[in-house]
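The next block holds one structure in the form of structure tokens; read it before the comments.
Since every read-out is calculated from the coordinates, none of them should be taken as a lab result. Please read these numbers as outputs of a predicted model, since none were measured by experiment. So basically every Cβ, Gly included, is an ideal-geometry build from the backbone, and we count neighbours across all protein chains shown.
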Amino acid sequence: MWGGRFAGGPSAIMREINASIPFDRRLWQQDLEASRAHVAMLAACDIVSDDDADTILGGLDTIEREYERDGVPEDWDLEDIHMTVEARLAELVGPVAGRLHTARSRNDQVATDFRLWVRDTIDTLSEALHDLQCALVSRAGDHADTIMPGFTHLQTAQPVTLGHHLMAYYEMIGRDVDRFRTARERLNDCPLGSAALAGTGFAIDREMTAQALGFDAPTANSLDAVSDRDFALDFLSAASQCALHLSRLAEEFVIWASQPFSFVRMPDALSTGSSIMPQKKNPDAAELVRGHAGRIVGCLVALMMTMKGLPLAYSKDMQDDKPPVFEAADLLALSVAAMTGMVADADFKVKRMREAAELGFATATDLADWLVREAGIPFREAHHITGAAVKLAETKGVALSELALEDFQGVDARIDSSVYEALTVEESVAARASYGGTAPDEVRDRVNEARNRLGMT
Ligand code: ARG
């Protein structure tokens, strides 16, 4: 009755739903590396002969040259990168190729390949984050004295230095580097030799393969080894937090580049124009970094949803682990590069920032602090007196520093003319010299420490 409708259908659908080669071909180098280590170990343990191992190693070298030259072929019938490599090996060296898969399953193979890929990616990303940190520190050093408004609630709060603001991002990225480093440490055990789920009856040497692949040790439980994707989640979680930081920095650039702010002129190389409004210069790169952060967090959530509730050991759901990790890694690499360029080449409008710092009664806290320090008034009362002075200045339409001494004394008789020194934005930032504060000398100290830590000359 329904045979016509389904004839051939399920197998075509099966082929398509099953094929991971369209995306897992990206693991080809790691797959060859792990196979080389595996076959060398099989020979050392007399599980395959030295001759057969050499034949297999020679075939793997040929495959490497082919893939480098022509890319990895995509044949859905071969399902994934592991079968694709093995099928090509059989074409090249004949039935001896079949010995490679002794004491191994695709389950421990994919777990090993993927760990190697994530490890390589962490190394590349860490270098890129190092470059971003260098750019932040270098610009922070240039702008240790540049005064800008500091905000809370995006309302003018207190004057800060641009160097201090940029060094805040240096700290954030430093924590990201650290999260990637600990993720790398945790992932560095080798699943190879766990086989399908229970280990193997062959007398293999798991220490040998672990060492050959740069792992610290073999994994200690075969069931865990083939069904664990914590290393991928650790990576995505570190990537997500890093993306949040980049997205916050990107958002600041978007705000600072808007005309009413005009704190920065974005590098031409990282901006675009409008097809209708000739005057426009849009911060598209920053906006995309902001947008990409959402997608990266989405990748983390996607893999968490894949893993939740999976019984031990391997289930095919786990094949869905790779697309989110690849996507997040690509998006993050682009985002880091874009933000590094933005930080390095942004044209900060120093004069405009300085003017903006004068607005919004940014030194009101300094007046309150002066009342505490010079007149011995308790802070809460000083806060109240300062509030009255701000209200008066607002009514008169002037800055705090523009109020006449009589006006100040009308608010509180204990105020004298030395108050004016405390009300400049220069004094305000210089006064905040507590460790980690915004004072230019403090910022220079932190910049110098960071330069040493980063190995900048
Ligand atoms: N392509 C698979 C994956 O990425 C490899 C493991 C397949 N194992 C299996 N028993 N079907 O997860």
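Seen against the Cα atoms of the chain and their longest principal axis, helix 28-44 is set at about 50 degrees. Note on region 12-102: dipole from Cβ charges, positive end direction compared against 67, 22, 41; the farthest Cα belongs to 22. Cross-link list 349/396; 281/349; 280/349: which exceed 26 angstrom alpha carbon to alpha carbon? Exceeds cut-off: 349/396. Other residues within the sphere of radius under 13 Å centred on the Cβ of residue 396, judged by their own Cβ, net out at -3 (K and R +1, D and E -1). Between residue 312 and residue 145, residue separation times 0.36 nm minus the direct Cα-Cα distance comes to 54.3 nm. Its Cα centre serving as origin, region 1-113 has a Cβ charge dipole (Lys and Arg +1, Asp and Glu -1) of approximately 480 debye.
Name the aspartates and glutamates eligible as straight-distance cross-link partners of residue 351: C-alpha to C-alpha under 19 Å, and not fewer than 8 places from it in the same chain. Here the aspartates and glutamates satisfying the reach criterion relative to residue 351 are 142, 145, 252, 426, 427.
Using alpha carbons only, how many degrees (0 to 90, rounded to 10) separate the axis of helix 230-257 from the longest principal axis of the chain? Around 30 degrees separate the two axes. The Rg/Rh ratio for the chain, using Cα coordinates for both the radius of gyration and the Kirkwood hydrodynamic radius, is 1.16.
The distance from the alpha carbon centre of region 294-364 to that of region 12-88 is 33 Å, rounded to a whole number. A simple count of charges around residue 200, restricted to other residues whose Cβ falls under 10 Å of its Cβ and scoring Lys, Arg +1 and Asp, Glu -1, yields +1. For region 360-442, the alpha-carbon radius of gyration amounts to 1.07 times the rule-of-thumb value 2.2 N^0.38 Å expected for a compact globular protein.
Size estimate for region 39-195 follows the Kirkwood approach: the inverse of mean 1/r over distinct Cα pairs works out to 20.0 Å. In the chain, the longest principal axis of the Cα atoms and the axis of helix 364-375 are about 60 degrees apart.
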